[in-house]
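Undergrad: Supplied in structure tokens, the structure appears directly below.
The values are calculated or read from the model by the stated rules, or taken from the named source; none is laboratory data. This is a predicted model, so every value here is computed, not measured. Methodologically, a virtual Cβ is constructed for each residue, glycine included, from the backbone with ideal geometry; neighbour enumeration extends over all protein chains shown. Remember, those area values only see protein heavy atoms, side chains included, never the ligands or the DNA or RNA. Shrake-Rupley method; radii C 1.70, N 1.55, O 1.52, S 1.80 Å.
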Amino acid sequence: MNDIIGFRPPAPGSQPDNNTPAYGSTRARHPLRPLLAFPHTITEATGPAFSPTHFPPHTDLSVMNGKLAQGERIIVRGRITDEDGRPVPNTMVEIWQANAAGRYFHPLDTHDAPLDPNFKGDGRVFTDADGWYQYTSIKPGAYPWRNHKNAWRPNHIHYSFFGPGFATRLITQMYFPGDPLLAFDPVFKGVPDEAARNRLIANFDLDVTQPEHALGYRFDVVLRGRAATPMGI
Amino acid sequence: MTTLTTTALAATAAQTIGPYWHLIEDPAMADLTRFGANGEVITLIGTITDGDGAPASDACVEIWQSSPAADDKFPGYGRCAPDATGTFRFTTVKPGPVPGRGNTQQAPHIAINLFGRGIMTRLYTRAYFEGDPLNATDPLLGLIDEPARRATLIARPEGANIWRLDIRIQGDNETVFIEI
Ligand SMILES: [Fe+2]
């Protein structure tokens, strides 16, 4: 008998479908058979813990070797909570993004936009005891992709979250307010529920903005909450 | 089943990891023994193919083990970028059995997450070990009636301490993916 508690199932409409025809690459990359329903056990209810000793934080993407990256400097701050509003402390957050011109520092990115010798685009931060994280970067540019004719990804920053269990693992993207490309983006629009979708858009925040330094954005994230019923019951 | 209270927000939506996640990749993370873990060291390898039979070389493969318990020497978690043939390779410690729900016991297994371009959320599955006597009574394997389907979750020995579990995302011999 064990009393480990699993995590709640996703709320209806809050998550995209792996079969999203408007996003062409999903065609051959979604299972055709239904997923096997299986209640969480210790394997899904527990997860890795990362120590800043082994995974040193890298909280300022806007400077490399003392040299400033091109682009509009931004500060992104937010709080990670679970579905009950409880903060998720000391959890590792990984970020990666294109440079200001919309080009990734990646061999497979062939977009005809300049690389920036002072920008790589990877970061790592940990939440504090109250679930807050913050990093400095530059606003990523939009970039074209071949999903459909004249397809452009809206400005976005990729995120990786862990939380307390393997079930709370989350990979997502943060978007910017007022981006006209959001209306045409099948990845963003793949989230069925409009409110859930719009929570992927950061808010401009004058309190996070630092005078003479950087624009501030607020991006809060919710990880799955514990189910109320212990698994042993 | 539980329902959300009106004041709570549902978990944030997932979005695809995309093709450029290697910006956060560290090849060292594929070796779960790098901090000096004790135990039987094994290699877990497998080739990932999609519904067209193409290798998912851009994918992000993660593993997590609830056994042995993670500590300073054993992170329990690994991440790997497959090679051009879609083949991932982890060095880790062979897990033992762990408790299941109620009074059940689970056969030794490794949890696997698969992210990639064209995968909106993630695909979750498990690797068990061929020949383990506990497989016969494992609560998850017991839910899969067809032997051929069950076999998609069972790694096979391929040389000394090397175990292979190929993953087929879609179509013939499609891997059994699990709700998480
Ligand atoms: Fe991207």
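Undergrad: Is it fair to say A:Pro21 is farther than 16 Å from A:Thr168 by Cα, more than 8 Å from chain B (Cβ to nearest Cβ) and over 21 Å from the mean Cα position of the chain (by Cα)?
TA: Against the criterion (farther than 16 Å from A:Thr168 by Cα, more than 8 Å from chain B (Cβ to nearest Cβ) and over 21 Å from the mean Cα position of the chain (by Cα)), A:Pro21 qualifies.
Undergrad: Name the pairs whose Cβ atoms lie under 6 Å apart, with the first residue in segment A:92-119 and assigned to a loop (DSSP other than H, G, I, E, B), the second aliphatic (A, V, I, L, M) and within 12 Å of the ligand (Cβ to nearest atom), and 6 or more positions between them or separate chains?
TA: Pairs found: A:Gln97/A:Ile157; A:Gly102/A:Ala142; A:Tyr104/A:Ala98.
Undergrad: Quick one: would you say A:Ala129 is within 16 Å of the ligand (Cβ to nearest atom), surrounded by fewer than 19 Cβ atoms within 10 Å (Cβ to Cβ) and more than 11 Å from every other protein chain (Cβ to nearest Cβ)?
TA: No; evaluated as a whole, the condition is false for this residue.
Here's the yes/no breakdown for (1) modelled with pLDDT under 95; (2) of a type in the set (Asp, Glu); (3) closer than 25 Å to A:Gly24 by Cβ; (4) buried (at least 19 other Cβ atoms within 10 Å of the Cβ):
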| position | (1), (2), (3), (4) |
| --- | --- |
| B:Trp21 | no, no, yes, yes |
| B:Pro27 | no, no, no, no |
| B:Leu32 | no, no, no, yes |
| B:Asn38 | yes, no, no, no |
| B:Val41 | no, no, no, no |
| B:Ile48 | no, no, yes, yes |
| B:Val61 | no, no, yes, yes |
| B:Pro82 | no, no, yes, yes |
| B:Thr85 | no, no, yes, no |
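Undergrad: Could you list all residues from segment A:137-161 that are open to solvent by 20 Å² or more (accessible area, probe 1.4 Å), within 11 Å of the ligand (Cβ to nearest atom) and closer than 18 Å to A:Arg218 by Cβ?
TA: Once the filter is applied, which keeps residues that are open to solvent by 20 Å² or more (accessible area, probe 1.4 Å), within 11 Å of the ligand (Cβ to nearest atom) and closer than 18 Å to A:Arg218 by Cβ, segment A:137-161 yields only A:Asn155.
Undergrad: I'd like the full set of residues that are touching a residue at least 12 places away in the same chain (Cβ under 8 Å) and either acidic (Asp, Glu) or not in a loop (DSSP other than H, G, I, E, B) (or both), limited to segment A:14-56.
TA: Passing the criteria: A:Asp17, A:Gly24, A:Ser25, A:Ile42, A:Thr43, A:Glu44, A:Ala45.
Undergrad: Within segment A:162-187, restricting attention to residues that are facing chain B (nearest Cβ under 9 Å) and open to solvent by 10 Å² or more (accessible area, probe 1.4 Å), which residue is farthest from the ligand (Cβ to nearest atom)?
TA: A:Arg169
Undergrad: Among the residues that make up segment B:107-114, is at least one of them in contact with a helix residue (DSSP H, G or I) (Cβ under 7 Å, 6 or more places away or on another chain), within 7 Å of another protein chain (Cβ to nearest Cβ), of a type outside the set (D, E, K, R) and assigned to a loop (DSSP other than H, G, I, E, B)?
TA: no
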